[in-house]
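The values are calculated or read from the model by the stated rules, or taken from the named source; none is laboratory data. Just so it is clear, the structure is predicted and the values come from calculations on it, not from any experiment. Glycine also receives a Cβ, built like all others from the backbone with ideal geometry; neighbour counts cover every protein chain displayed. What goes into the accessible areas is simple: the full protein's heavy atoms, side chains included, and nothing from ligands, DNA or RNA. Shrake-Rupley method; radii C 1.70, N 1.55, O 1.52, S 1.80 Å.
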Amino acid sequence: MSPKQPSMERRDFLDSMARRLPVWMFFLSAFSPENLLAQSDSATEPPPGYDPTKHNYAMGVDIHKCIGCGRCADACKNENHVPREPFFYRTWVERYICPPEGDAIVDSPNGGIDGFPEYKGDKEVLRTYFVPKLCNHCENAPCVQVCPVGATFVSRDGVVLVDESYCVGCRYCIQACPYGARYLHPETKTADKCTFCYHRITKGLLPACVEVCPTQTRVFGEAGHRSSPIWRFMRFGNVTVLKAYLNTKPKVYYSGADMEVR
Amino acid sequence: MTIKASSVPQQVIPLAIIFAAGITGLLVIRHFLVPDTFGEHGHYRADAVDEIAALPVSYAGYQACVDCHDDIFTAKQSSFHKGLSCETCHGPAGQHVEDQDKFKPAKPHGREFCILCHGYNVSRPSGFPQILPNMHNPGKACVGCHDPHKPTTPRPPGDCSACHAGIANQKAVSHHTDLQCNTCHEVPKDHITQPRLSRAEKPTSRDICGKCHGKDATGGIEEAPRIDMASHGGRYMCWDCHYPHDPEATK
Amino acid sequence: MDLHAVTQAAAEMPHVTGYMYPNEAELHWSILIVIYPYLTGLVAGAFILASLERVFNVRVLQPVYRLSLLTALSFLLIAPLPLLAHLGKPERSYEMFLTPHSESAMAMFGFVYAWYLMVVLLLEIWFDYRRNFIEWSKTKKAALTRLMYKVLSLGTTDVSEKALKFDDKVGRIITIIGIPSAFLLHGYVGFIFGSVKANPWWSSVLMPIVFLFSAIVSGIAMVLLIYMVTSMFRVKEISMPCLNRLAELLFYALIVDFSLELLDFIQRLYESEESIHILSDMISSRLFISLIVTQIMLGTLLPIFSIAMARFGRFPDEMKRVTYLFAALLVQLGIFSTRWNVVIGGQLFSKSLRGLTTYKLDVFGLEGILVSGVLLITPFIILAVLSRILPPWMESGHRAST
């Protein structure tokens, strides 16, 4: 089954699976994932002790807490070898300055890594805040839909990844991303984007941006797990996703994002 | 075979051969070139997931630091910097975990690094400790007075603006410039040293505004705009409509 | 505007006004991707023109039947090159045939292209020329030429009445299949853009249809141009009924194309969605010349009026020819601008709907003007060579007998 079936179908599928639970239990006792994995090709085995089907990652971003220090964007460049020049980011911080009337003024000099210069405009400031941005790891990802060769995909643990050695560099995914989260890596000439630091989270570490965030603006964990920080975030936050009308079903949730954030 | 060779038009035969050869050739090539693990879990190369998972880690994560530096960590945990990861300031330390002697993590010394978080910026949440770098001991290194692992100020801040710079700046150019913070806010003594444990009070009644702005008020300056507290604003609190740190100029 | 002042002060990227997501500052699809739909449009348009003669028996168009087919083939051979040159990893392009992603519009490119080239165009041309191949393989002077035609005839020798009838029948069937295929080839290019929901400039159900009609417009105009120019060089009389009919068809296609684009425009304006502000900003600044001036004024309205006057007014033939030539040239400019406005225009504004960037066209380099010029000229060279090997001129004997 393709990873991105429409959710209704998936739900129906899961429903029917659940109804046949007793039968499944019987089979599972014989063919438990461990048993099956032991027999499978060793080259495709996940890291030892890691079962992707048991995870479903999500991130929460609390805009009220962000101080715009840009440590996340900086750490991301360090961790993932994102080119410092010219202007590509897997994650970046935007500053919103909302005057009493008219459009918000938004900027993100060097992704916020060097801090933000003082606002020198002549407009009065009504509200102002920082918004960290990154790949939204959509469940219904438009970038995955358009990839002609299957070089980008939603992994079984819910992370949108790019296969660097298979991408042809057509850039259709970059055009299809509503969030501007993708870019063409100037060295590999392939599409690149945030992986939730897949190489870290599968080892039990936090994504680099979450690790260094000094104010816990970013929280990371398992969607739907009671013991996950995401659970608390989703329960108490005024939670929304970006561009919800596009039906991309992001896995990055924002708390405190007002109407100007897009 | 019931079709006689002669019943098939002559021109179809070479075309059929060419197309059959072409399609067969493509299918054969395809069979050999499609990566082994393609399609195992979906329309992608399953190996790619493991390749990405196997990438090297630069940031070790604070747990790795705690293993050796538990003393610093314990001290830090009771300070305002308890939410900070070691690598937020010291940079990626994965190599240091691998080889403690060969690679030493960075120690930011100058003012620039601290200012990234603590320099005054109007967009930061109010209450977050910020300084005006030009005014706050210019030229001196932050670590001269503040221990980054226990950053409580060596002496309590003398002025509310040390932490509430945003509000102070706004008030300074407003009609309320001459009002002291404690004219309206009741500030417990401990708020200066433990701001989150003992919070400053916000006014709860309209009377506090009425002291200066009431029809027959005696407090404050003579020019202060006056209203009839009984009829003005109904059941609303003054600050539901007026922003006390920057009250509007129009009367 | 204050919005501009702040970001300009940040002086991060001087060519940006307002706010672009950082990764958006540079355009990801360049002029090469402008050329691609332009070329496939010419292919589809020229083929549809050829099929008019074949399937709908528009006899006056016979002089341009083979010419249209060869024009379509010449442009089709070059069409994938700009795409290939633009890939970050062109050496991996074969993957589109290995593991085409069924949900991706672009993955179908290889198959639509192969279908159109192998099953439609080449087959139709082969069946149409087969009789000539056999004839030429016997009558041409040079031995090498005779061998070439022998190879091209794929060893067939049957020129009996029955066999020729079969050729004609198959050719007709292929053309009938070819019309929806031509629609597919170019409508699908429109779908590549029209289905990107993230981009309000592209996302429109009308996109495939607008692409299709602009393709027909550009194809007819191109065949008209080529017919007039080649006749001039060959010092042959231009068939005036044929030319008049071409101009008429061009006129109707232009009217439909323009109406569709107008409908799209009015719909956007009337719905006035969130994106309308940044899009109108873009039209009135960055796209003013290429959209208002070259696409609409010069490329659509002027040709419509001049063809209407020349075709339906009482002009001498000489005057008509000059006007048609002039109109067909303007149409090419207009359709190229259309492609430019879609591809480049769709990337000039931020998906945050807060800013505009600029596209800087290089002169040198793979994505520069020089390479683009070469890509645009090569089809004509191919056509010149093809017309030597497969003379498309109908005087040289055709199935007029049937």
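Quick one: which residue in B:His118, B:His176 is surrounded by 12 or more Cβ atoms within 10 Å (Cβ to Cβ), modelled with pLDDT of 90 or more and farther than 28 Å from A:Leu206 by Cα? Quick ask: steps written out before the conclusion?
Values: B:His118 fails: farther than 28 Å from A:Leu206 by Cα.
Going through B:His118, B:His176 in turn, the sole match is B:His176.
Cβ-Cβ under 7 Å, sequence separation 6+ or interchain: first residue in segment B:80-92 and closer than 10 Å to B:His149 by Cα, partner open to solvent by 30 Å² or more (accessible area, probe 1.4 Å). Which pairs?
B:Phe80/B:Thr152; B:His81/B:Pro148; B:His81/B:His149; B:Cys86/B:Tyr62
Which residue, of A:Val212, A:Val219, is touching a helix residue (DSSP H, G or I) at 6+ places or on another chain (Cβ under 6 Å) and open to solvent by 20 Å² or more (accessible area, probe 1.4 Å)?
On inspection, the qualifying residue turns out to be A:Val219.
Take C:Phe109 and decide whether it is open to solvent by less than 20 Å² (accessible area, probe 1.4 Å) and in a helix (DSSP H, G or I).
Values: open to solvent by less than 20 Å² (accessible area, probe 1.4 Å): no; in a helix (DSSP H, G or I): yes.
No: the conditions fail for C:Phe109.
So if I check each of C:Leu330, C:Leu366, which one is part of a helix (DSSP H, G or I) and either away from every other protein chain (no Cβ under 14 Å) or open to solvent by 50 Å² or more (accessible area, probe 1.4 Å) (or both)? Can you show your working first?
On the way: C:Leu366 fails: part of a helix (DSSP H, G or I).
So the residue among C:Leu330, C:Leu366 that is part of a helix (DSSP H, G or I) and either away from every other protein chain (no Cβ under 14 Å) or open to solvent by 50 Å² or more (accessible area, probe 1.4 Å) (or both) is C:Leu330.
So, of the residues in segment A:65-86 that are touching an Asp or Glu at 6+ places or on another chain (Cβ under 8 Å) and surrounded by fewer than 20 Cβ atoms within 10 Å (Cβ to Cβ), which turns out to be modelled with the lowest pLDDT? First the steps, then the outcome.
Going residue by residue through segment A:65-86, those that are touching an Asp or Glu at 6+ places or on another chain (Cβ under 8 Å) are A:70, A:75, A:82-83, A:86.
Imposing the further condition that a residue be surrounded by fewer than 20 Cβ atoms within 10 Å (Cβ to Cβ) reduces the set to A:82-83, A:86.
Values: A:Val82: 93, A:Pro83: 91, A:Pro86: 76.
Ranking the qualifying residues of segment A:65-86, first place goes to A:Pro86.
So which residues in segment A:234-262 are touching a residue at least 12 places away in the same chain (Cβ under 8 Å) and farther than 27 Å from A:Asp107 by Cα, if there are any at all? Step through it out loud before you land on a result.
Here is the first cut: in segment A:234-262, the ones touching a residue at least 12 places away in the same chain (Cβ under 8 Å) are A:234, A:237-243, A:246-258, A:260-262.
Result: A:Met234, single match.
Residue under question is A:Gly112, and the condition is that it be within 11 Å of chain C (Cβ to nearest Cβ) and open to solvent by less than 10 Å² (accessible area, probe 1.4 Å); does it hold?
Values: within 11 Å of chain C (Cβ to nearest Cβ): yes; open to solvent by less than 10 Å² (accessible area, probe 1.4 Å): yes.
Criteria met by A:Gly112.
Got a sec? Which helices (runs of 4 or more DSSP H) wholly within segment B:29-102 have at least 1 residues that are under 24 Å from the mean Cα position of the chain (by Cα) and surrounded by 13 or more Cβ atoms within 10 Å (Cβ to Cβ)?
Details: elements: B:46-53, B:62-68, B:70-77, B:86-90, B:94-98.
In segment B:29-102, B:62-68, B:70-77, B:86-90, B:94-98 are the helices (runs of 4 or more DSSP H) which contain 1 or more residues that are under 24 Å from the mean Cα position of the chain (by Cα) and surrounded by 13 or more Cβ atoms within 10 Å (Cβ to Cβ).
Does C:Lys360 satisfy the criteria of being within 14 Å of another protein chain (Cβ to nearest Cβ) and either modelled with pLDDT under 95 or not in a loop (DSSP other than H, G, I, E, B) (or both)? Don't jump to the end; show me each part of the working.
Numbers: within 14 Å of another protein chain (Cβ to nearest Cβ): yes; either modelled with pLDDT under 95 or not in a loop (DSSP other than H, G, I, E, B) (or both): yes.
Spelling it out, C:Lys360 is indeed within 14 Å of another protein chain (Cβ to nearest Cβ) and either modelled with pLDDT under 95 or not in a loop (DSSP other than H, G, I, E, B) (or both).
I'd like the residue in segment B:110-127 that is more than 7 Å from chain A (Cβ to nearest Cβ) and in contact (Cβ under 8 Å) with a residue 40 or more places away in the chain and, out of all such residues, is farthest from A:Asp62 (Cα to Cα).
B:Tyr120
Could you list, ordered by first residue, the pairs with Cβ atoms under 7 Å in which the first is in segment C:263-284 and closer than 16 Å to C:Phe349 by Cβ and the second is surrounded by fewer than 16 Cβ atoms within 10 Å (Cβ to Cβ), at least 6 apart or interchain?
Final answer for the pair search is C:Arg268/C:Ile276.
Filter segment A:69-109 for residues that are under 24 Å from A:Cys213 (Cα atoms) and within 7 Å of chain C (Cβ to nearest Cβ) and give the result.
A:Phe87, A:Phe88, A:Tyr89, A:Trp92, A:Val106, A:Asp107, A:Ser108, A:Pro109
Just to be sure, is B:Ser205 assigned to a loop (DSSP other than H, G, I, E, B), surrounded by 14 or more Cβ atoms within 10 Å (Cβ to Cβ) and at pLDDT 85 or above? Explain how you work it out, then say what you get.
On the way: assigned to a loop (DSSP other than H, G, I, E, B): yes; surrounded by 14 or more Cβ atoms within 10 Å (Cβ to Cβ): no; at pLDDT 85 or above: yes.
Against the criterion (assigned to a loop (DSSP other than H, G, I, E, B), surrounded by 14 or more Cβ atoms within 10 Å (Cβ to Cβ) and at pLDDT 85 or above), B:Ser205 does not qualify.
Testing C:Ser104 on (1) in a loop (DSSP other than H, G, I, E, B); (2) open to solvent by 30 Å² or more (accessible area, probe 1.4 Å); (3) not basic (Lys, Arg), one condition comes back false. Which one is that?
Just one mismatch for C:Ser104, condition (2).
Which condition breaks for C:Gly194 when tested against (1) within 14 Å of chain A (Cβ to nearest Cβ); (2) farther than 30 Å from C:Asp281 by Cα?
Here C:Gly194 clears every test but (2).
Do we have A:Val144 as at the interface with chain C (Cβ under 9 Å from one of its Cβ atoms), under 15 Å from the mean Cα position of the chain (by Cα) and outside any loop (DSSP other than H, G, I, E, B) here?
yes
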